[in-house]
1. Give a residue-ordered list of calculated ³J(HN,Hα) values for the range 145-152 (Karplus: 6.51 cos²θ - 1.76 cosθ + 1.60, θ = phi - 60°; whole Hz; x for Gly, Pro).
2. Which residues does a label at Ala285 reach in the range 199-224, if reach means a backbone N under 20 Å from a point 7 Å past the Cα toward the Cβ?
3. For the pair Leu373 and Val173, what calculated FRET efficiency results from E = 1/(1 + (r/R0)^6), where r is the Cβ-Cβ distance and R0 = 35 Å, to the nearest 0.05?
Amino acid sequence: MTRMVASLSALLLSIVLLVSGNAFLMTLLGIRLSIESVSPDIIGWVLVCYSIGFVLGTLYVHHIIGRVGHIRAFAVFAAIAAVTSLMYPMAISMVFWALLRVLSGFTIAGVLVVIESWFSSRATNSNRGAMFAVYQIIFYLSAAGGQLIINVGDPANFMPFSIAAILLTLALVPLSLTRMEAPIIEQVQRISFFTLARESFTGVAGALICGVLIGGFYAMGPVYATLMGLDVAKTSTFMASAIIAAMILAWPLGRLCDRFDRRRVMFWVVFFAALAAVGVSFTGADNLWQLTFLVGAFTGLSATIYPISVAITNDRMESTRIVAASATLLLSYGVGSVIGPIVMAELINLLGPEGLFLGNAGFLLVLAIVTSLRITYTEDVAVEDQEHYVPAMPETSSVLTELDPRNTEFCESPEVEEMNEESLRHTG
C-alpha cells in the first residue's frame with residue numbers, strides 16, 4: 001500500500017489541491033451571497049449552475065481531451081477554474097456568477113476526468129480495490145479540509161477568492177512535472193435511464209434522490225448556517241463535520257449491506273436519515289453540538305444512499321454491464337444535484353432555514369415509499385448472490401467506475417506493470 005501511494009504521489013497531491021480549493025470555493029460562494037443579502041431562491045439558481053456545468057462536462061470533456069491531449073487539457077481546465085475564482089468579486093451580478101458557476105463545473109469535471117483516467121491507468125487487478133478506496137479517502141478528507149480554509153479570511157473581501165485560485169493553480173504543478181505517460185480515455189457507455197429503471201427502479205430512484213439531498217446540502221448548507229446565525233468559523237466546522245460523517249459511515253453500513261438484503265438496508269437508512277433531517281429542523285443554533293451531530297447523521301446516512309443504489313443495481317446486472325450501469329447512475333445523481341439546490345432554495349425562501357431539512361425529509365419519505373413498494377412487489381436477490389458492496393462515491397466522473405472491484409471486465413494496460421516499476425524508481 002505504501003509503495004502504491006508513493007508511486008501516485010503527484011496525482012494524489014494534485015487531487016488534494018484541486019478538491020480542497022473547489023470545496024472551499026463552493027462554501028465561500030454560499031456565505032458571500034448570504035452576506036450580500038441575496039434571497040435564498042436566487043442563491044439556489046446561481047449555485048445550481050455548477051452542477052449543470054459539471055454534468056455537461058462529464059458528457060463532453062472527453063472530446064476535448066482526445067483532441068489536445070491530457071497535459072494540455074488539464075492545464076486549460078485548471079487555469080480556467082482558477083481564473084473564474086478570481087472573477088467572482090469583480091462584479092456582484094447574479095447572471096455573471098451563474099455563468100461562472102457553469103464554467104467552473106465544466107472545467108472541474110474536465111480536470112477530474114484527466115486525473116481519474118491517469119489514476120485508473122495505474123491500476124492492476126491486484127491493487128485496483130485499494131486504489132479505489134485510497135482515492136475516495138483522499139477526496140473526502142480534501143473536501144473537508146477545504147471547508148476549514150474559510151477561516152483564513154473575511155468572505156466579504158477579495159483574499160479568499162485569491163486563495164481558491166492559488167490552490168486550483170497549484171494543482172497544475174505536480175501533474176505537469178510527472179513522467180507518467182498519458183493514458184487513453186475511452187468514452188464510457190451508458191444504459192438508458194428507462195432501461196436501467198426497468199431492471200432496478202430502486203437503484204435509479206436512490207441515485208437521483210441522493211443527488212437531490214447531497215447537491216442541495218452542499219449548495220445551501222452554508223446559506224442555512226448563515227441564516228441560523230453561525231459565524232464563519234462555525235459554518236466551516238459545520239460543513240467539514242458533515243463531509244467527514246459521510247466518509248465514516250460508508251464502511252460500517254457497507255458491512256450491513258453484505259449481510260442483509262440491500263433494499264431493506266436502504267429503507268432503514270432512509271428512515272433514520274429522515275428522522276435526523278426532521279430533528280435538525282427543530283434544533284436551534286444555540287445547541288451547536290446537537291445540531292452538528294444531527295446534520296452529520298443526516299449527511300452521513302444520505303451519502304450512503306448512492307453506493308447502496310449502485311450495489312442494488314449491480315446485483316441485477318451482468319458483470320459486463322456494471323460500468324455502463326454505474327455511468328448511468330452517476331448521470332442520474334447529477335440530474336438530482338441540479339434539482340436539489342433549486343428546490344431547497346425555494347423551500348428556505350418559503351419556510352425559513354428549516355425548509356432545507358424539511359424538504360430533505362420529504363424526498364427521503366418518497367424514497368422510503370418507493371423502496372417499500374419494490375420490496376413488496378418484486379423479488380429479492382438472495383444475500384449469498386449479492387455482489388460485494390463497494391462504498392462508491394458520486395462526486396466524481398464515470399472514468400473512476402472502471403476501478404470498481406466488481407468490474408470483472410477491467411483490463412490492465414500492457415505497460416502498466418512496467419510504468420509502476422518506473423514510478424517506484426523515480427520516487428526513490
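Where a number appears in this text, it was derived from the coordinates with a stated rule and is not lab data. Not measured: the values here are computed from a predicted model. When we count neighbours, we look across all protein chains shown, and the Cβ atoms used for this are built from the backbone with ideal geometry, even at glycine.
1. Taking θ as phi minus 60°, the curve returns x, x, 5, 6, 5, 3, 6, 7 Hz for the range 145-152.
2. Counting backbone N atoms under 20 Å from the label point, the list is 217-224.
3. 0.10
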